[in-house]
Amino acid sequence: MPAHLTRIVPWAQRLLAEILRPGDTALDLTAGNGHDTLFLYQQVGTDGRVFAFDVQTEALKATADRLRRVGAMTTLCSADSLPANPPPGVHLIGDDHARLARYVQTPVRAVIANLGYLPGSDQRVVTRADSTLPALQQALTLLSSGGRLAAVLYSGHPGGEEESTCVREFLRGLQPCEWELLKISAANREHAPELLVAQRR
Ligand SMILES: C[S@@+](CC[C@H](N)C(=O)[O-])C[C@H]1O[C@@H](n2cnc3c(N)ncnc32)[C@H](O)[C@@H]1O
């Protein structure tokens, strides 16, 4: 069986894997079922740090279970419980990613924002531009030189097109002298998911 050329999340992961190294710090703005958080953990290893946000308890639990199955040091954090210099491991944060700056102040090497809703759950809990944009803005501020932010946009669900348009416009506004921006999507499908990757020069 050939690999699916147009599956977008593997492209996002591939482009982040290129620049991530053991010991790095990475962010997952939408933990969901924990696939991307696990991927980031596998790149940064036991000496690295992954911060993963989600507003749904169900998602944080699924992510914690997935990470613990591979033996990752995983902690559930609140604003009060996250120390100023968090130890290596996976830090799961049950809060809106728009409050990212309250939790993470150190430079990060990679960020993933796989937007939309938790597959197989309540589709009313969905990412929206009014919190996604501040989260992306704060995440970009934390990215180190050569670091990458990957945003996966979906336009097929209610509100998805509006959010995708806002994110696209926001990222296209990044200054080319400071940022490179790559776009990948299936060219012959309606409402195909879209990947935007910003790299700080
Ligand atoms: C497409 S899923 C993420 C998939 C996930 N990265 C994975 O690997 O399974 C989107 C997630 O975003 C979460 N979400 C929605 N609004 C959010 C917000 N404001 N802050 C943080 N997470 C949010 C949802 O609860 C949902 O779990």
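Values in this text are rule-based calculations from the coordinates and carry no lab data. Because the structure is a prediction, the values reported are computed rather than measured. Heads up, the Cβs are rebuilt from the backbone with ideal geometry, glycines too, and the neighbour counts pull from every protein chain shown.
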Worksheet item: Build a GNM of the chain with springs between Cα atoms under 10 Å: which of Ser145, Ser78, Ser121 gets the top mean-square fluctuation?
Response: Ser121
Worksheet, complete the sentence: Expressed as a whole-number percentage, the relative contact order of the chain with C-alpha contacts under 8 angstrom and at least six residues apart is 20
Worksheet entry | Share, in percent, of DSSP beta bridges within the chain that are antiparallel, nearest 5 | 40
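Shape call for the chain from the C-alpha gyration tensor, a ≥ b ≥ c root eigenvalues: rounded (a/c under 1.5), prolate (a/b greater than b/c) or oblate?
rounded
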Worksheet item: Which of these, Phe170, Phe39, Phe53, has the largest mean-square fluctuation under a Gaussian network model of the chain (Cα springs below 10 Å)?
Response: Phe170
Response to the item:
Nearest-0.05 FRET efficiency for Ser78 and Ala3 at R0 = 30 Å, using Cβ-Cβ distance, is 0.15
